[in-house]
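Shown next, in structure tokens, is the structure this report addresses.
The values are calculated or read from the model by the stated rules, or taken from the named source; none is laboratory data. Computed from a predicted structure; not experimentally measured. All Cβ positions, glycine included, derive from the backbone under ideal geometry; neighbour counts span all protein chains shown. Areas reflect the complete protein model, heavy atoms only, side chains present, ligands, DNA and RNA absent. Shrake-Rupley method; radii C 1.70, N 1.55, O 1.52, S 1.80 Å.
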Amino acid sequence: MSSLQAIRGMSDLLPAEVEGWAHVEAVLRAVLDSYGYREMRVPLVERTELFKRSIGEVTDIVEKEMYSFEDRNGVSLTLRPEATAGIVRAAIEHGMLHNQRHKVWHTGAMFRYEKPQKGRYRQFHQFDIEALGLPGPDIDAELIVMISRIWRALGIRHIALQVNSLGTSDSRARYRDELERYFRSHIDLLDEDCRRRLDRNPLRILDTKNPDLQDLVAKAPALEEWLDAESSAHFASVCAALQAADVPFRVNPRLVRGLDYYNRTVFEWVTDQLGTQGAVCAGGRYDGLVEQLGGSPTPAIGCAIGMERLVELVRLAGTIPAPRGSDIFIVAAGEAAQAVALALAELLRDRFPGRRIETNLGGGGFKAQMRRADASGAAVALILGDDEVRAGTVAIKPLRAERPQFSALVADAPGLVSDYLGGT
Ligand code: ATP
Ligand code: MG
């Protein structure tokens, strides 16, 4: 029988990789916590309609990337392709939005049926940050400043910030007409996808990945000239705050983002270290989304960090701490010694919380056990044989210091090994 394999584009994370992820996640949690954000969790599956209504029908995600299926009652469900829609749905459902503010983060797997390649997967992970109930521009700036703190905390340097303003839905509608006129006058150059978008949502053409169209896109009219006065002032204020906070950025007038719900401030952090999939964090303001999904009008801003790309970037920066070894390894030969070892290990775990204490498992002679002790990275081996058990003692062998092995009463062992453990 042939062996089963993981689904294409969906990866297993083995322990050595998870250690890197855990480091990155711990830094993210700590920074978010220090700005007063709280964790939120939403289901992996939502009604398909939620994503169609929020992300937009004419987007890559809804047009071709969703994992949708009917449940046993014939209801169309979808594996979440992003988290914002679910978070907003939950916030409305739990009455979190009546003149309230919430700063939340969320992390977990997302699913998109894309062409798998380096940095682009079908199951991937995002770390989402959302601030609900705040109109900005102060929160816009703080969010971006917080993300730059995250990069610093992770030792990442090669990452650049692009910002833009999409204005209000009105100014966007006017720009949209202008854009449609422009692309219609070059319709013979457009690919099939973009021609379809021309009728339904010409803004999406700016988001095309087709390299042949980049020149045409670059020459398209810029949204900036169509911004309403309030959005211009909002954007100027965000830019000024970033300058004051010494966060370098570039205004990219073509930055429109791949989801429909954005307005005003949008931003993206891009690196040149990861090849073609260089966007590590992307987001923006979505002031209309809550109302669009049936809640009371609530301004909001958020962003998502692509965890696979971020972890890879941190790996390249070389700032993932080396895996930690054991602290104490107990070697025990014979049944009586194994029983003493089990009890002694528990004693040591009580005494040294947070230390890694391993007992030899699966038997083996002293020599093989000592090799395991050494490979575990332990600073000290505690050795128990028949003689020790009879005498109520244990041999203490420092493994990383040039000090001879010595014998002690089992009861004294915890006090004596602490000298060899070093700082954590
Ligand atoms: P792209 O233009 O690369 O397709 P996107 O606009 O679809 O990105 P968002 O929906 O804004 O991306 O998601 C935010 C972040 O999540 C991206 O910047 C990226 O880091 C990450 N991301 C998105 N799709 C994938 C994927 N299929 N595999 C891995 N990471 C992804
Ligand atoms: Mg995409």
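For the stretch 198-271, what is the convex hull volume of the alpha-carbon atoms per residue, in Å³?
Working: hull volume 8.9 nm³, N = 74.
Enclosed volume per residue, from the Cα hull, is 120 Å³.
What FRET efficiency comes out for the pair Glu93/Arg390, r = Cβ-Cβ distance, R0 = 45 Å, nearest 0.05? Before the final figure, lay out each step's value.
Details: r = 67 Å, r/R0 = 1.49.
Efficiency computed from Cβ-Cβ geometry: 0.10.
Taking 0.36 nm per intervening residue step and subtracting the Cα-Cα distance, what contour gain separates Ala160 from Tyr67 on full extension? Don't skip to the end; give the middle numbers.
Numbers: separation 93, 0.36 × 93 = 33.48 nm, distance 3.19 nm.
Result: 30.3 nm gained on full extension.
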With every protein chain in place, what's the accessible area of Leu289 (1.4 Å probe, Å², nearest 10)? 0
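Kindly report the accessible area of the stretch 3-138 per residue (heavy atoms of protein chains, probe 1.4 Å, no ligands, DNA or RNA), in Å². Walk me through the intermediate numbers first.
Working: 7150 Å² over 136 residues.
For the stretch 3-138, the solvent-accessible area averages 53 Å² per residue.
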P(r) for the stretch 22-88, please, calculated from all Cα pair distances in 5 Å bins and given in %. 3, 15, 21, 17, 13, 11, 12, 5, 1
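Using the heavy atoms of the protein chains alone and a 1.4 angstrom probe, what is the accessible area of the stretch 266-313 per residue in square angstrom?
Values: 1320 Å² over 48 residues.
Per-residue value: 28 Å².
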Quick check: the angle from helix 84-93's long axis to the longest principal axis of the chain, C-alpha only, nearest 10 degrees? 90
Quick one: accessible surface of Lys115, probe radius 1.4 Å, all protein chains present, in square angstrom to the nearest 10. 150
So if I place +1 on the C-beta of Lys and Arg and -1 on the C-beta of Asp and Glu, and nothing else carries charge, what would the dipole magnitude of the stretch 190-247 be about its Cα centre? I want it in debye, nearest 20. 220
Please grab the % of Cα pairs in the stretch 175-298 that end up more than 18 Å from each other. 61
Identify which of Asn210, Asn360, Asn201 has the largest mean-square fluctuation in a Gaussian network model of the chain, with springs joining Cα atoms closer than 10 Å. Asn360
Cα coordinate range in the chain, projected on the principal axes (Å, largest first): 93, 60, 44
What spacing in nm lies between the two simple spin-label points modelled at Tyr182 and Glu49, each 7 Å away from Cα in the Cβ direction? 3.7
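Can you compute the helix-only [θ] at 222 nm over the chain? Use -39500 (n - 2.57) per DSSP H run of at least 4 residues, normalise by all residues, nearest 500 deg cm²/dmol.
Working: 14 runs with 157 residues, N = 424.
Rounded to the nearest 500, it is -11500 deg cm²/dmol.
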Just reorder Arg89, Arg122, Arg324, Arg204 by solvent-accessible area, largest first, 1.4 Å probe, all chains present. Arg324, Arg89, Arg122, Arg204
Scoring the chain by relative contact order with C-alpha pairs under 8 Å, at least six apart, yields a percentage of 15
Can you pull the accessible area of Lys118 for me, 1.4 Å probe, Å² to the nearest 10? 130
Scattering curve values for the stretch 137-237, log₁₀ I(q)/I(0), Debye with Cα scatterers, q = 0.14, 0.20, 0.25 Å⁻¹: -0.69, -0.99, -1.21
On Cα atoms only, tilt of 366-375 relative to the major axis of the chain in degrees: 30
Give me the angle, in degrees from 0 to 90, between the Cα long axis of helix 138-153 and the longest principal axis of the Cα atoms of the chain, rounded to the nearest 10. 40
What area, in nm² and to one decimal, does the C-alpha convex hull of the stretch 116-182 cast on average over all directions? 7.9
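So which chymotrypsin sites (Phe, Trp or Tyr not before Pro) in the stretch 165-227 end up in coil per DSSP with only 12 or fewer other C-beta atoms within 10 Å? Before the final figure, lay out each step's value.
Numbers: sites: Tyr175, Tyr182, Phe183, Trp226; in loops: none.
Loop-located and lightly packed - none at all.
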